Amino acid sequence: MDKAGEAAHHDHRLGTLVMGALGVVFGDIGTSPLYSVKEAIGGLHGAAPTAESVFGIISLVIWALIVMISLKYVLCIMQADNRGEGGIMALVALTQRSLPKTHPLQKVVVLMGMCGVALFFGDGLITPAISVLSAVEGLEVVTPLFKPVVLPITLFVLGVLFIFQSRGTEKVGNFFGPITCLWFLSIAAVGLAEVVRHPEIIWAINPLYGVRFLAADPARGFVALGSVFLCVTGGEALYADMGHFGRHPIHLAWTWFVLPSLALNYLGQGALLLNNPEAVQNPFYYLVPSWFLLPMVGLATAATVIASQAVISGVFSATRQAVQLGFLPHVTIVHTSEHKIGQIYVPVLNWGLLTGVVLVVLAFKSSDNLAAAYGIAVTGAMLIDTFLAFGVVLRTVNHWNALFASFLLVCFAGCDLTFFSANVLKIPNGGWFPLVLGFSLFTVMVTWKRGSAVAREAWNRDTVPFEEFLHQLQAGSFAKVPGTAVFLTADPRSAPRALMHNLSCNCVVHERVIVLITKTRDVPYVPEDERLEVEVLPDNFFRMTLHFGYQESPDIPAALEQCQAFTQQFDINDTYFFLGRAVFVPTGVVRRDISNWRLKLFLAMQRNATSTASYFHIPLERVVELGVRIPIG
């Protein structure tokens with residue numbers, strides 16, 4: 001291929017990635033104009049639609065997009081990638097890697113990661129509800145007669161969205177980019193038309209209008225900031241989805257297409273309110289010409305479905321990462337694509353989210369009410385991103401100048417804390433909901449993490465060192481049976497309980513015995529040549545370690561077959577996997593390291609977790625489970 005051909009191929013691939021980023025990355029922030037200005041001017045926590053307020057709010061909105069998204073995420077935080085991957089777990093992994101194992105901040109980082117994931121889950125429950133509801137509410141602008149059907153249509157759209165999750169989004173994803181592109185073009189066009197009619201609104205680009213608005217009445221301005229923040233919700237998706245599209249395509253799409261489209265629409269809504277304050281009831285839809293109103297409602301609904309899809313997929317991905325890193329119990333994860341590793345479906349989470357979203361819609365009933373609950377979880381997650389990225393990663397991993405990184409940390413953390421504090425005022429009006437949800441999920445994760453450590457301690461209490469076990473095996477006489485036996489264990493230093501139990505009950509040893517350990521590394525994906533470690537032991541025993549990344553779903557049979565060092569010896573039809581299944585029995589003894597209620601919660605989760613065989617994709621017909629009762633607590 002000549003240079004011209006290579007350049008054309010590169011441009012085509014870059015264009016494809018930019019279009020894909022439009023459909024996945026910017027769906028959430030791209031639908032913010034539906035409700036952010038409506039809430040910031042005239043809403044429960046907003047300002048009155050005066051000229052001073054309109055200029056001030058629109059100025060704050062535009063500069064929030066520039067500072068929080070363009071400067072903080074696009075230019076700075078996206079520099080902190082874990083082998084191309086972004087997101088809260090990437091920051092946690094990078095931070096842990098940069099600190100000594102015994103550093104006191106290691107535990108703090110883990111807790112911050114758990115907190116960030118919990119807050120993201122809360123965001124994942126509210127985003128589909130407020131996005132779809134605000135889009136369908138456009139029917140009320142067409143005619144008030146449609147008001148009774150807004151909730152039923154919203155619930156129907158959400159129901160269809162969650163029902164089709166099990167089929168995956170690979171085919172539907174091909175249409176995401178063009179639809180979202182049409183959405184941005186449409187909102188830019190209607191905004192530009194109003195700006196042309198009333199060009200004085202362009203002065204709102206001057207940040208001094210925002211400063212004057214805040215200075216004129218600091219109390220009112222501080223309250224309004226909680227609503228202004230709604231314009232940047234979804235901004236963290238730029239970083240979280242970086243691994244799918246790359247930093248450059250996201251940067252290009254945001255800078256040259258998404259940001260100008262959003263700015264034009266916000267300026268258009270401001271121009272409309274300057275000349276028609278009564279449009280504050282729904283400035284986005286009042287901006288749309290009557291002949292285009294119904295098509296815009298349909299396009300907005302499609303755009304919000306796409307935004308919701310991106311958030312739901314993000315929750316699925318965060319769940320898999322949390323399970324891999326030991327923050328949550330094993331859950332069934334279904335791969336919906338043979339080509340894209342990120343296309344997954346988590347059944348129990350999908351139906352849990354649907355139930356929660358339906359209850360949220362029925363409880364809050366309108367996007368205005370939901371806006372009062374929206375934002376506080378997102379600000380908390382963004383604050384954690386800031387501390388991890390600027391406090392540790394960019395300074396130590398990316399070798400930024402310490403003084404410069406500290407300066408940026410103070411600036412951006414100050415912005416985050418200001419927005420977070422303003423959103424705290426929403427707690428009595430619904431902001432308590434995502435906080436309660438996030439705290440509940442945080443409690444679950446901390447309980448599972450601590451309970452797992454206590455369970456491992458109880459499991460390993462009476463085990464025999466592996467070398468001592470091999471010596472006893474050589475001294476004894478056991479019948480050899482053909483085939484391969486794989487014994488899973490979490491402790492490579494001790495003989496697996498299932499192996500000892502099998503010997504004591506059946507008095508036989510397979511001709512080939514594999515003691516298998518699985519480990520999750522602090523990278524998203526593990527290269528195939530680093531997947532397997534093999535240690536050859538006496539009497540045809542092997543001690544093997546399989547490494548997986550936190551973005552991967554562990555498939556033990558597939559991993560063993562793909563590893564060239566062991567392919568010729570591994571045959572799934574000649575192999576049995578022996579799994580130890582523990583039944584932990586509480587003793588009632590009070591422990592200092594875990595409370596009784598937390599222990600009971602852990603045991604309940606442990607009983608309902610997906611089986612080890614299913615989690616590791618081991619065929620059930622090749623599994624032998626050996627149960628044992630172990631006192632705990």
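Structure data summary
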read-out	value
Those residues of the stretch 89-134 which are of a type outside the set (Lys, Arg) and in a loop (DSSP other than H, G, I, E, B), in sequence order	Leu99, Pro100, Thr102, His103, Pro104
Hits in the stretch 187-210 - residues which are more than 34 Å from the chain's Cα centre (by Cα), over 14 Å from Ala271 (Cα atoms) and surrounded by fewer than 17 Cβ atoms within 10 Å (Cβ to Cβ)	Asn206, Leu208
Thr386 vs. criteria within 22 Å of the chain's Cα centre (by Cα), assigned to a helix (DSSP H, G or I) and assigned by TED's automatic domain parsing to the domain that holds Asn82	yes
The lone exception for Ser317 - which of (1) among the polar types (S, T, N, Q); (2) closer than 27 Å to Gly159 by Cβ; (3) over 16 Å from the mean Cα position of the chain (by Cα) it fails	(3)
Residue that is farthest from the chain's Cα centre (by Cα), among those in the stretch 515-552 that are more than 27 Å from Gly87 (Cβ to Cβ) and free of Cβ contacts under 8 Å to residues at least 24 places away in the same chain	Val536
Whichever residue in the stretch 327-351 is at pLDDT 85 or above and surrounded by fewer than 15 Cβ atoms within 10 Å (Cβ to Cβ) and, among such residues, is nearest to Asp123 (Cα to Cα)	Trp351
Residue within the stretch 427-449 that is touching a Lys or Arg at 6+ places or on another chain (Cβ under 6 Å), polar (S, T, N, Q) and surrounded by 15 or more Cβ atoms within 10 Å (Cβ to Cβ) present	yes
Exclusive hit being out of contact with any Lys or Arg (no Cβ under 9 Å at 6 or more places or on another chain), on the phi < 0 side of the Ramachandran plot, crowded, with 22+ Cβ neighbours inside 10 Å and of a type in the set (Gly, Ala, Ser), set Gly380, Gly356, Gly391	Gly380
Hey, Leu259 among the hydrophobic types (A, V, I, L, M, F, W, C), assigned to a helix (DSSP H, G or I) and farther than 30 Å from Ala318 by Cβ or not	no
Among the residues listed as Ile556, Ile618, the single one being crowded, with 17+ Cβ neighbours inside 10 Å, at pLDDT 85 or above, closer than 18 Å to Val486 by Cβ and in contact with a strand residue (DSSP E or B) (Cβ under 6 Å, 6 or more places away or on another chain)	Ile618
Residues that are out of contact with any helix residue (DSSP H, G or I) (no Cβ under 7 Å at 6 or more places or on another chain) and either among the polar types (S, T, N, Q) or not in a helix (DSSP H, G or I) (or both), drawn from the stretch 221-254	none
Candidate set: the stretch 492-526, residues that are more than 17 Å from Phe616 (Cβ to Cβ) and charged (D, E, K, R); chosen: the one surrounded by the fewest Cβ atoms within 10 Å (Cβ to Cβ)	Arg493
Enumeration of residues in the stretch 470-495 that are outside any strand (DSSP E or B) and hydroxyl-bearing (Ser, Thr, Tyr)	Ser477, Thr489
Condition check for Thr575: touching a strand residue (DSSP E or B) at 6+ places or on another chain (Cβ under 8 Å), modelled with pLDDT of 85 or more and among the polar types (S, T, N, Q)	yes
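Residue-wise test of (1) at pLDDT below 85; (2) closer than 20 Å to Lys426 by Cβ.
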| residue | (1), (2) |
| --- | --- |
| Val361 | no, yes |
| Asp368 | yes, yes |
| Thr379 | no, yes |
| Thr386 | no, no |
| Ala389 | no, no |
| Leu403 | no, no |
| Leu408 | no, no |
| Cys411 | no, no |
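The values are calculated or read from the model by the stated rules, or taken from the named source; none is laboratory data. Not measured: the values here are computed from a predicted model. Using ideal geometry, Cβ is built from the backbone for each residue, glycine included, and neighbour counts are taken over all protein chains shown.
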